[in-house]
Every structure is written in structure tokens, then in C-alpha cells.
1. Residue by residue through the range B:42-55, which ³J(HN,Hα) values in whole Hz follow from phi under the Karplus form 6.51 cos²θ - 1.76 cosθ + 1.60 (θ = phi - 60°), with glycine and proline marked x?
2. Report the relative contact order of chain B, percent, no decimals, based on alpha-carbon pairs under 8 angstrom and at least 6 residues apart.
3. Provide the solvent-accessible area of B:Val111, counting protein heavy atoms only and rolling a 1.4 Å probe, rounded to the nearest 10 Å².
4. Below 8 Å, C-alpha to C-alpha, sequence gap of six or more: please give me the relative contact order for chain A in percent.
5. Given the whole protein assembly as supplied and a 1.4 Å probe, what does the accessible area of A:Glu66 come to in Å², nearest 10?
6. Measuring from centroid to centroid over Cα atoms, what is the spacing of the range A:54-78 and the range B:4-71 in Å?
7. Mind checking which aspartates and glutamates have their Cα closer than 13 Å to the Cα of A:Lys107? Skip sequence neighbours fewer than 8 apart in that chain.
8. If the reach is capped at under 15 angstrom between alpha carbons, list the aspartates and glutamates near B:Lys17, excluding any in the same chain fewer than eight residues apart.
Amino acid sequence: AQSVTQPDIHITVSEGASLELRCNYSYGATPYLFWYVQSPGQGLQLLLKYFSGDTLVQGIKGFEAEFKRSQSSFNLRKPSVHWSDAAEYFCAVLNSGGSNYKLTFGKGTLLTVNP
Amino acid sequence: EAQVTQNPRYLITVTGKKLTVTCSQNMNHEYMSWYRQDPGLGLRQIYYSMNVEVTDKGDVPEGYKVSRKEKRNFPLILESPSPNQTSLYFCASSPWTGYEQYFGPGTRLTVT
């Protein structure tokens, strides 16, 4: 069964610093990978997705992620963090086999941004 | 505006009192799904629906029911809620031609 691991439960960075959130997945076939962001009291917003092709994908709000098959990783990056980026971030892999498009989520990484 | 809506957004109820959380999408998506989010456990799928009148269990279906009588609506029914169903619930939808899932704003349910 597929699984997603986000090793960091909580990360604190200073505003303007770079950011990397780690994500490792376990999936037998070619994975469809996603990063979602959840701001306090809000729903889940899709940041970016990887299906195939270029392993470096660009998303909204200046985020990017790199798919590395050899490391089973899909890390999220941003060169300069803004205070408004404080939120919880979820990595997810899609079960694209069969008829259930189930997303398996990691347990999330809470990002705190210091001024 | 393309969106998934859920109602109510917040609900406090008592053990055993039947309730329904509604979910509606205006994107003509075939696939819809319910997830619950709990601290330390992330999001887990409760039920999903591939199309009208076609539903199936996800990972944590116990204590829940769903129905899909119309393409746009996918209500979540708790016939006898218990405190362990206190959670944040999300509805999501997706077209068959793509894999991106769109999430509703969430419903925070407290069962006392």
C-alpha cells in the first residue's frame, strides 16, 4: 500500500530565508504527487502537482518541488519565505489504480515564520 | 466560480443525534470523496463515489453513510454520532479526465 512520510512535524524559519519541506513516498507504480497547503481555519489548497515529465515543477505562491525517483522524494522548496506562508503543508500521493482516486496524505509539516 | 461547498461549517451535537453534512460541487465532476482530518493522523478517506449511485468504502467508513443521487451532491450521514467522530471533515471532487482533487472548506464537527 502506498504511504507518505513527512519527517518534519514542525519547522520554524525566518522571513526571507529559504525553505525546504521533505516528503518521501512509497508507491509501486509511477506516482502522482501533490503538495497542499492548509492555512489556519481554511481548507486545502493545491500548491503544485507532479504527474510526469520535467521533475522540477512550479506551483503557486512561488513554490516549487523536485521529484527524485531514486530517492522516492518530492521535496517542496521556496527561495524566500513570507510571513503569509505560515501554514500546515501536506504531501500526498494519488492511488491511480482502479476506480478510487484516493489521496494518501502525509501527516503534515507545520511551518512557523518568524519576523 | 468553480468550487466545492460544505454545510454546515461548524457543528456541535450530542451523542446519538443523527446529522448530515452536505457537500456540493459545481464543476460537473464524476468523482467525489470524504476525508476526515485528525491531529497526528493526517487526512484519511471515509467514502468515495465514482459517479451517481456508485459509492464505496474508504479507509475509515465505520459509523458513516453516504449517498450519491445527483452528480453534484455527496452528503455524509452520521446516523448515531459518537465522540470519536469529533473531527474536521473535508469533501473533495475530481474529474475523471484529471487527477487533481478540489477540496471544500471543511466542517468542524464536535460530538459531546
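The values are calculated or read from the model by the stated rules, or taken from the named source; none is laboratory data. Just so it is clear, the model here is predicted, and its values are computed rather than measured. Virtual Cβ from ideal backbone geometry, glycine too; neighbours counted across all protein chains shown. Surface areas here come from the heavy atoms of the whole protein model, side chains and all, with no ligands, DNA or RNA. Shrake-Rupley method; radii C 1.70, N 1.55, O 1.52, S 1.80 Å.
1. Whole-Hz 3J(HN,Hα) from phi for the range B:42-55: x, 9, 10, 7, 9, 9, 9, 9, 8, 5, 4, 6, 10, 9.
2. Values: 294 pairs, mean separation 40.4, N = 112.
Relative contact order for chain B comes out at 36 percent.
3. Accessible surface of B:Val111 is approximately 10 Å².
4. On the way: 281 pairs, mean separation 42.1, N = 115.
About 37 percent, as a whole number.
5. Accessible area, nearest 10 Å²: 50 Å².
6. Between the Cα centre of the range A:54-78 and that of the range B:4-71, the gap is 30 Å.
7. A:Asp8, A:Glu88, B:Asp38
8. By straight Cα distance, B:Lys17 reaches B:Glu79.
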